[in-house]
Amino acid sequence: MDASLLTPTSEPPRPEAEPDHRQAAAQLAEQVAERLRAEEMARRYASRLEHLQRISLALLSADSLATVVQIAVRYIEESVACRAAGISLYDPQRAEVSVVGSSGNQLPTGARLPITVPDALAAMQRGDVYVFADAQALTGDSPGLRQIAEMSGRSVLAAPVRANGTLLGLLWIAADEVRPFAAEEVAIAREVCDLVAVAIHSRRLLEAEQKARARESSLREVGASLTLGLELDEVLRRILDQLERLISFSSAGIFLLDGWQLMFAARREVSVTRQHLDAMRDNTPTNLQRVFDSAQPLLIDDTTVAKEWSHVPGFEYIRAWLGVPLVLKGVCIGALTIDREQPYSFTTEDVELALAFANQAAVAIDNARLFNEVQTHAERLDARVRERTRELEALYGITAAAIENLDLDRVLARALELAVQAVGCSGGGIYLVQPGQPGLRPAASVGVGGPLDDTPAAQLLARLSPDGAPWVAGGSRATYDHGAGPLPDGLFAAGIQAAAVAPLRAHGHSLGVLVLWSDAADAFNGSSLLLTAIADQIGAAVDNIQLRQMTRQAAIIEERERLARDLHDAATQTVFSAGLFAEAARESARAGDLAQVERYSQSVVQRIYQALGEMRLLLFELRTETLAQLGLAGALHERLQSVEKRANIATRLRVEGVGSLPLALEETFYRVALEALNNALRHAHARHVSVTLRSADGQLTLLIRDDGVGFRRRDAAQQGGMGLDSMAKRIHKVNGSIRIISRPGHGTRVEARAPLAPTTREGV
């Protein structure tokens, strides 16, 4: 082995070198201690990071601001040696903070603490931590610090909670003793403030978004209410309902301009009496008048100190008040008011939201007013339409009664009934002139008072103006169109207070007078035009019925003359011919010519049967009640069964869509049918006859066919016309037309048409 390996490479230390070893050991120990301290700091920092990560996740997942504060305060208590800690939110408008939460509830949640130390506020707005070494020594200058010191401790650290350079609040840490706060404690406070700032900012953004959504939703609902067409009271209720969703309040009210004064329109959650509301109506508060006059919102944070606030009895509970104008198309139509029992409880956001809401509410209110106006107008128009319809129904009823009935008294009774209903009076009467006789004839009466005799009626007729205009008169409040004077005594004796009188005229002639009366003195105000129309219609009905009666009488005379001619030309001639054949048979019997007697006897029998047929036909035509009892279709059926069938003529009757017909139309078509059937029986020697009666497209059609011998028009004219001219004249009178088609050996076709509601020609 190499000896050098056993030889020490260095000499043993000399005694003078021992101090160097001690120094090295001390340095080594210092390095170890430093490393241990560094490791401890790293461990503690890692623990802080871990805690911060956990608190960050907890803060981000917190469901409320109170939960955020609770988590942050708990971490401060675990990380910093302190007596209490808490977080407050900063209100720049009021220069104060409100407590959100504190450890052990040292300070009540919601408590407001004014910031009276400008240096502290300025430091925190810059982002600096501010330390009060002895808070109790500053209690005279800061009530907030006094409260913290009394409840929490001596030394107080205030760290700013900031986001985007804006002071949101502060984190405070209080210690029992007077001591400085270590750098690590300050760092922890800053870290917690950063996390809390993010959480608060995120929470506020979320709340702002939620409020914005709620605002948009509510405003959409207000807009939707514009299309609902609701009554005004319902719209006002909906407005207050939706307002409550947007902005909390103690009470709220809607004031609308009524004439020149603001009036209560709706109110929510208020306990004041009607007397207090009436007092406000009589004297509009200054604050409310200012909102209306300026058309600008007005916020009063504290009604106890604000000069703009008008103190009204019953409204002492109001501490914060917000008024916004209701503006529509640049015009203020009212105001919306909101109030709370706590001062300084409205924010700028509340003002902006209330103003936007008021704009929508103004549109809804205006829409409701328009709806109410339209509804009122529609109701008035509907009432007028009903009134006008009633008037037209009366006029139409009078016309229809005159068309359907020839009984003058029945028509006048119906016309008077309709007139009383249309005017809305108590009763009335109709009095007619008696041709060739003095005085008036009572023709109809209805309602209270009973019929008048001819004396007051004649007096009324005598007082009519020369132009025939109606006049109205009443008792002490009479209005006279032509100086008619008071009512006749006969009317007052019956308890009548007002009367309306109108002449019945036709073609410039007086036919009588219409008198309507009522127990109300103003019953006929504004009825002159209606009275004139009704009187004219009744006058036309009277004239038409009288003319129709005259026409009918003339037609009866004409029909009698025709029957006399037919009796003479047909039955009489046939009987005379049978007599001649009987005389010839007698002469042949005397001469003993039995064969000739037989021939003449057969001729006599034929003539007798022919005469019987002629007499049966004439007797049927004399049964005028058949048409009135059975109607047109029934009367035609009766004729075919009674005459044609007995004459061994095959018949067929077809009726299509025929209902109730005007009397004039039934009479005309019935007479035309009889004429055509008589021709088929007497002249055509037909064996088959078909009758079709059809109603369609506003037309009544009568079609009669036979298989008789037929004829030429010139031959028929030479034989007396066969009644063809008579049929044409009858159809012409009801504004209709007729076609007659016939040829020898091919039968005859008669087709008559007329409107279902014919306008009869002059003379009908």
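The values are calculated or read from the model by the stated rules, or taken from the named source; none is laboratory data. Bear in mind that the values here come from a model prediction, so they are computed numbers and not experimental data. Quick reminder, even Gly has a Cβ in these numbers, built from the backbone with ideal geometry, and neighbours come from all protein chains shown.
For the stretch 581-598, what are the residues that are closer than 30 Å to Arg682 by Cα and surrounded by 14 or more Cβ atoms within 10 Å (Cβ to Cβ)? Phe581, Ala582, Ala584, Ala585, Gln596, Val597, listed by residue number.
If you go through the stretch 147-184 and keep only what is modelled with pLDDT of 85 or more and part of a helix (DSSP H, G or I), you end up with just Ala183.
The number of residues in the stretch 324-381 that are without any contact (Cβ under 8 Å) to a residue 40 or more places away in the chain, surrounded by 12 or more Cβ atoms within 10 Å (Cβ to Cβ) and acidic (Asp, Glu) comes to 2. Filtered by the rule that a residue be more than 26 Å from Ile649 (Cα to Cα) and at pLDDT 90 or above, the stretch 701-731 gives a lone residue, Ile731. If you check Arg369 against the conditions, is it under 22 Å from Gln93 (Cβ atoms) and of a type in the set (Lys, Arg)? Spelling it out, it is not the case that Arg369 is under 22 Å from Gln93 (Cβ atoms) and of a type in the set (Lys, Arg). Which of the residues that make up the stretch 591-649 are of a type in the set (Lys, Arg), in a helix (DSSP H, G or I) and modelled with pLDDT of 70 or more? Arg599, Arg639, listed by residue number. Kindly check whether there is at least one residue in the stretch 289-312 that is more than 30 Å from Ala208 (Cβ to Cβ) and at pLDDT below 80. For the stretch 289-312, residues more than 30 Å from Ala208 (Cβ to Cβ) and at pLDDT below 80: present.
Taken together, Gly659, Gly708 contain a single residue that is in a loop (DSSP other than H, G, I, E, B) and under 16 Å from Thr748 (Cα atoms), which is Gly708. Arg705 meets all of the listed conditions (1) of a type outside the set (Phe, Trp, Tyr); (2) more than 56 Å from the chain's Cα centre (by Cα); (3) surrounded by fewer than 20 Cβ atoms within 10 Å (Cβ to Cβ) but one, namely (3).
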